[in-house]
Amino acid sequence: MKCDSGAIVVGAGIVGAACAEALARRGLSVRLLDARSGGATAAGMGHLVTLDDNDAELALTRDSIVRWRAWAPAMDEGCAFRGNGTLWLAASDEEWALAENKGARLAALGEAVDLLDARALAGVEPALRTGLLGALRLREDAIVYPPNVVRWLLRRHPGQISERHAEVVEIDGRGVTLAGGERLAADVVVLANGIEAATLCPELPIVPKKGHLAITDRYPGVLTHTVTELGYLGSVHNSEGPSLAFNAQPRPTGQLLIGTSRQFGSRDRDVDGGILARMLEHAAGFLPVLRELNIVRCWTGLRAASPDSLPLIGRHPDRDGLWLAVGHEGLGVTAAPTTAELLVGAIFGEPAVIDPQPYAPERFLGRSGAREGAEDA
Amino acid sequence: MSVALNRECDLLIVGAGPAGLAAALEAAPSGARIVILDDNPRPGGQIWRDGPGVRLPRAARRLRSRVAAAANIEILCGARVVAACPPKALLIEMPEGGALVSCTKLILCTGARERLLPFPGWTLPGVTGAGGLQALIKGGLDVAGERVVVAGSGPLLLAGAATARTAGAKVLQIAEQAGREALVRFGRGLWRWPGKALQALRLWSPVYRAGSHVFEALGDQRLEAVRIRSADAVLEIACDRLACGFGLIPNTQLGELLGCAIVNGAIAVDALQATSIADCYAAGECTGFGGSELALVEGRIAGLAASGQPARAAGLAPQRERWRRFAAALERAFVLDPVLRTLPTPDTLVCRCEDVPYAALAGCRDWVEAKLASRCGMGACQGRTCGAAVEFLFGWSPPAPRPPLFPVRTETLLRLADRRHSPPARPAEPGR
């Protein structure tokens, strides 16, 4: 493809930064625009997690984590990469069976997994409550500090990516219009601004799912892995009312990052004391010592969710020149590298790194997509 | 979960300094059930901080004993407000645990804190705030025979020096950054507040130097000397302690969290000390720096207004006006010199909690970017210290506060889920 005037990427979160980096790597000059309205990248946990709810999610997260691990040696200390793995905790016979199935499935694919029985689990994470049946460990999972990964990505191709604080008010395949009326033209426009994408393209089926997080003071050594409950899987797909799931992550600072909650339809950023308290109560059920620890900060973020919980990656079927990388819900950080390769590979007509079909925007947009979307709703 | 610590009251006052105590006393005859919260171990606030061997001024003792004698005033010391629990309750943390305090009306008397500005060496052991050293001495720190330099800006320097001297320290120099001319002008106007003129004379020290500021603290493991610059000289003074504060900043965090309008960095109030939100008043330094006299009269007005006595409250307006003029004169005299922005070197720490040097911030465009890139303000003090410094250095306004306002035990935050935190309110008791 011919790219005389370069590319515009809207949204300087992790997905936009990864797309900008992939475009710059292929020789394009990239203008990265961000409204600084507070995106999910700065609010999230930075958990690089292999999820296998369905084949498409598994393919995306697996491929992405391989790419993260390839980036890791080059990243600076500020990126805070730690390959500390995830422990999926089983609290019931049903969840233990789930752990075994999940483990067998991932092992068959060549993932580095192992099952820990109750005793082994207590050995590696003694702060967890007693009575857990065990855990499935995913050794390839990791953590990062996403805001600094964004900065690292944008520095990789000096002179090729220019970042600008600007609010885009109109977008099409030929360029964007900024608040204030300025028009910027480009051959390629990538929309990667998460929850704000639907403001610019109302046809996108992106809705906010609000989450709460809390972080403790520094208590090094309380946990070593990111620990999360297998009940999480049931919880995140509950579409009625707020849902809670235990997720605790030891940060390199010695702090513990505690999540997580999901609320539908809420766009305000206020910390909801009731939800926060229930989330912490739930977390303390798994990590009893948490009750005695100090929380230093709490905040919220808005995940940009699509109807089928998979992102929209690819060409906008109705707007020539506009490319989409949105709707990652809680997986934007994990999936950013592969999202960028899929999208930018498609822009350049390269063979796809994984089957792109499950993420194709056509499933919601265009003539056939509009119908599917209507049935979904 | 036990809810035994939860409280309900008619009037909740946050802060037991002069403003809070005065507010409670004026409201007490109405019979309202009054709760005063304070995060210090004893009432009195910063100015009347109590401690072993402290002899408080007569006015302070009288106010405290009258408050103690009022049967309908309960003071909860060591209680810190960490979150709001709408519609009308605050989550507090006390040594014995967390509790929800629900109220009909609220008066914020959250005071002010010292502005600390970074310069090379300011994080060395032995360097404290000017008010900070005062508090340490009142808390029992022995400074007898120690060599102390006091520096920064504002009347607190003289007060801090006096406390140190009384405790047996040798105060070698008081470096006030404000220029001589501004101070002379201020001094000439002091006749309008004779009490203040007397106080200034009493605190006056021959080692007071206007138009000078500390620009470096030297030492290996702890402070050994300071370097002070004035128009005509650079001076190195060997010392054991540096007490250094650059004026006071209103504590507006709780007000902001509740949604009160903030103007010029202080909680905005009307003629009756009412904030922009219903049933919420504010008095004292959190509405702007002005000293204890202004805090007392503002507290009285707020207490009267919040207990249904607006006419009596309005009658105190002239007194308040008199002390507001004094506050304005102070503000004019002690404006910070822009040269103080040039003190940090690239490796001077700005955020002590997260060890963030000046160089890590210098390239950033705003507070949010700085915070995300460097962790500035993300530590235990939640940006209370570095936020004000950064605002002065770079002009970035800190973001709106979020709960928890202070680091808090998880157990305490769990109380936010208490369903029945607010039992049906009983009618107020008739007046005594």
For a distance above 15 Å, tell me the whole-number percent of Cα pairs in the stretch A:162-233 that qualify. 71 percent
So, for the Cα atoms of the stretch B:229-294, Rg and Dmax in Å stand at 18.1, 54
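Work out the mean other chain Cβ neighbour count within 10 Å for the residues of A:271-279 and drop it here as an integer.
6
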Where does chain B land on the Kirkwood hydrodynamic radius, alpha-carbon pairs, in angstrom? 22.5 Å
Take the solvent-accessible surface of the protein heavy atoms, probe 1.4 Å, and return the percent of it on the protein assembly as shown that carbon and sulfur atoms account for. 53 percent
Please sort B:106-115, B:197-206 by packing, taking for each peptide the average over its residues of neighbouring beta carbons within 10 angstrom, highest first. B:106-115, B:197-206
For chain B, whose charge dipole is built from +1 on Lys and Arg Cβ atoms and -1 on Asp and Glu Cβ atoms, the candidate among B:Gly189, B:Ala225, B:Thr412 with its Cα farthest towards the positive end is B:Gly189
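What's the magnitude of the charge dipole for the protein assembly as shown around its Cα centre, counting Lys and Arg as +1 and Asp and Glu as -1 at the beta-carbon? Answer in Debye, nearest 20.
Here the protein assembly as shown has a charge dipole of around 3960 debye.
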Given a 1.4 Å probe, the accessible area of the protein assembly as shown per residue, as a whole number of Å², is 40 Å²
Given the convex hull of the Cα atoms of the stretch A:1-79, what is a quarter of its surface area in nm²? 7.1 nm²
In whole angstrom, how long is each semi-axis of the equivalent ellipsoid of chain A, when you take the square root of 5 times every eigenvalue of its Cα gyration tensor and sort them from largest down? 35, 21, 21
Cα extents of the stretch A:79-226 along the principal axes, largest first, in whole Å, come to 64, 34, 32
In Å², nearest 100, what accessible area do chains B and A bury in total when the solvent probe is 1.4 Å? 2400 Å²
Amide H neighbours of A:Thr253 at under 5 Å, excluding residues fewer than 5 places away on the same chain, with H built from the backbone geometry, are none
How about B:Lys105: which aspartates and glutamates have a C-alpha closer than 19 Å to its C-alpha, ignoring those fewer than 8 places off in the same chain? B:Glu8, B:Asp10, B:Glu26, B:Asp38, B:Glu74, B:Glu256, B:Asp270, B:Asp279, B:Glu298, B:Glu429
If you average 1/r over all unlike Cα pairs in the stretch B:241-336 and invert the result, what Kirkwood radius do you get in angstrom? 13.9 Å
Computed over the Cα atoms of the stretch B:293-432, what is the ratio Rg over Rh, Rh following Kirkwood? 1.13
Charge context of A:Thr339, other residues only, Cβ under 12 angstrom, K/R +1, D/E -1: -2
Once Rh is set to the Kirkwood radius over Cα pairs, what Stokes-Einstein translational diffusion coefficient, in µm²/s, holds for the stretch B:116-246 at a temperature of 20 °C and a viscosity of 1.002 mPa s? 145 µm²/s
Partner chain Cβ atoms within 10 Å, averaged over the residues of B:362-369 - can you pull that number for me? 2
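Expressed as a fraction of 2.2 N^0.38 Å, the rule-of-thumb size for a compact globular protein of N residues, what is the C-alpha radius of gyration of the stretch A:52-140?
Values: Rg = 14.7 Å, N = 89, 2.2 N^0.38 = 12.1 Å.
Relative to the rule-of-thumb radius for its length, the stretch A:52-140 sits at 1.21.
Rule-of-thumb check for the protein assembly as shown: C-alpha Rg over 2.2 N^0.38 Å?
Normalised by 2.2 N^0.38 Å, the Cα Rg of the protein assembly as shown equals 1.06.
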Using only the Cα atoms of the stretch B:340-394, what do you get for the radius of gyration and for Dmax, in Å? 9.7, 27
Run the reach check for B:Lys138 against aspartates and glutamates, Cα to Cα strictly under 14 Å, same-chain hits fewer than 8 apart removed. What comes back? B:Asp50
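The values are calculated or read from the model by the stated rules, or taken from the named source; none is laboratory data. What you see is a predicted model, and the numbers here were worked out from it, not measured in a lab. Cβ sites come from the backbone with ideal geometry, for glycine too, and all protein chains shown count toward neighbours. Surface areas here come from the heavy atoms of the whole protein model, side chains and all, with no ligands, DNA or RNA. Shrake-Rupley method; radii C 1.70, N 1.55, O 1.52, S 1.80 Å.
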